[in-house]
1. What ratio of Cα Rg to 2.2 N^0.38 Å holds for the stretch 373-461?
2. Roughly how many percent of the accessible protein surface of the chain is carbon and sulfur, given a 1.4 Å probe and a whole-percent answer?
3. So what's the chain giving for Rg/Rh, alpha carbon basis, Kirkwood Rh from the mean inverse pair distance?
4. Please list, by residue number, every one of the GluC sites (Glu not before Pro) in the stretch 103-174 that is coil in DSSP and has at most 16 other beta-carbon atoms within 10 Å.
5. Just in the stretch 170-238: which GluC sites (Glu not before Pro) are loop by DSSP and have at most 15 other Cβ atoms within 10 Å?
6. Could you tell me which of rounded, prolate or oblate describes the stretch 271-335, using a ≥ b ≥ c as the square roots of the eigenvalues of the alpha-carbon gyration tensor, with rounded for a/c under 1.5 and, failing that, prolate when a/b is larger than b/c and oblate otherwise?
7. Quick check for you: with a 1.4 Å probe and neighbouring chains kept, what is the accessible area per residue of the stretch 56-176, in Å²?
8. State in Å² the accessible area per residue of the stretch 373-461; use a 1.4 Å probe, count heavy atoms of protein chains only, and round to the nearest integer.
Amino acid sequence: MSTPTRPNIVFVMSDDHAAHAIGAYGSAVASTPSIDRIAAGGMRFDSCFCANALCAPSRASILTGTYNHVNGVRTLSTEFDSSQPTFPPLLQQAGYQTAVFGKWHLGHGDGHDPVGFDDWSVLHEQGLYDDPVFHEPGGEVTREGYVTDVITDMALEWLDRRDTDRPFCLLVHHKAPHRPFVPAARHADLYSDVEIPEPETFWDDYSGRTGAAEAARMRVARDLRHVDLKEEEPAGLSDRESASWRYRRYMQDYLRCVAAVDEGVGRLLDRLQEEGIGEDTVVVYTSDQGFFLGDHGWYDKRFMYEESLRMPLLISYPRAVQEGSVQTGLVSNVDFCQTICDLAGVEPPDGVQGRSIVPLLDGEMPGGWRDAVYYRYWEHDDAQHGVWAHYGIRTATHKLIRYLPQGFGLPGTSEASYPEGWELFDLVEDPQELRSRYDDPDYRDIRDQLHAQLEELMATVGDVADPGRLA
Ligand code: CA
């Protein structure tokens, strides 16, 4: 793709918005007409995967273009060292106006606050849905209203006051639809009368894999809390009826939260058109990772399974990207930093580990493009979700996962033994990942090949299986 000089960049990232809750990705239930406009006017990436399905680690990878063992943000509670090289200061130095509004989740105060932004206002920690508190250069501010609307308003007001003679890079980071899935009052009844089908794997019995899936504490039927469901369950339900009721309550509020995000996207897109700058603006819609929407009986993310691994990624840029195009090349959130630098025509920061995906915007797969993406979930057996640390690779057709023994990295909340082991999935034959083929003799060659690819990729990114016991 030949990039016209210095387009504007509007990067909208929601939090925990799974691709399968977007119309353009084929959701039968989620209504996302504005997000779908980006897909219709540009490119849908069908194989964008996060390097660690957690909020803070994904954000650190996006800013730096590095994996978490390099940028240090392995868990939700690790604060980001913002003296690391990131893309915003480079764009700023190249004459871009830069701003970030919304969720940051990388720590607050000197050394953690956003760097390289002309303007910033970021939610305190996770942020609140109603009347959220923001950190800004001038201190703390409480802004009245519903968080998604407040963040959209801040972005639009910033567009109003920017210098129209210079290009801009605007990051709009929504909190929604993250737990506890609190919808805007205007959406309180949305999806009340809509059938929300349970996914085929909702009643997964977790057989056919290591014990890790069964050990996780993210079950809709068992682990969602009152703060998530917000209503008392009707009396007298059977176990199955209870699970179905909980699923429906969960999905209604999740989709209601998505509705406000979609409206916010629509307001931004309308503004770009009204200003007549749509042609010169790259619009990105993504989420920091995917989410289980009752898939495998779960909510939340963390696992390297498809629903949480996959990120939605939609990019429109009328000057260069064909309308309604689809790209299946393997992309990682570690690529975002270089991609944004490439679009802006600036050199990426030192030490980046991703690749610019700008060549993929032509719709072609460039020769020598990667054949696997790397993943590592470090937050071993946290008190609430109980997902074991693991790492692995995903190719276009297969996935290899290793659940790690105790002591490889961060300690868990207990010293209990747990199911160390490998899983191998044939994503063509078994896209729902219900049956590991790791010990299947028919898959011996594929297994050997995946092991070799994984070793090579780990060496390339500089990660080791056992970094010792980390604090
Ligand atoms: Ca998230």
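The values are calculated or read from the model by the stated rules, or taken from the named source; none is laboratory data. Just so it is clear, the structure is predicted and the values come from calculations on it, not from any experiment. A quick note on method: Cβ atoms are made from the backbone with ideal geometry, for glycine too, and the neighbour counts reach across all protein chains shown. Surface areas here come from the heavy atoms of the whole protein model, side chains and all, with no ligands, DNA or RNA. Shrake-Rupley method; radii C 1.70, N 1.55, O 1.52, S 1.80 Å.
1. Ratio of Rg to 2.2 N^0.38 Å for the stretch 373-461: 1.14.
2. Here carbon and sulfur together make up 47 percent of the probe-accessible area.
3. Working: Rg = 21.3 Å, Rh = 22.6 Å.
With Rg and the Kirkwood Rh in hand, the quotient comes to 0.95.
4. E125, E144
5. Passing sites in the stretch 170-238 are E195, E200, E231, E232.
6. Prolate is the answer for the stretch 271-335, as a/c is 1.5 or above and a/b outweighs b/c.
7. So the stretch 56-176 comes to 35 Å² accessible per residue, rounded to a whole number.
8. Accessible surface, normalised per residue, equals 42 Å².
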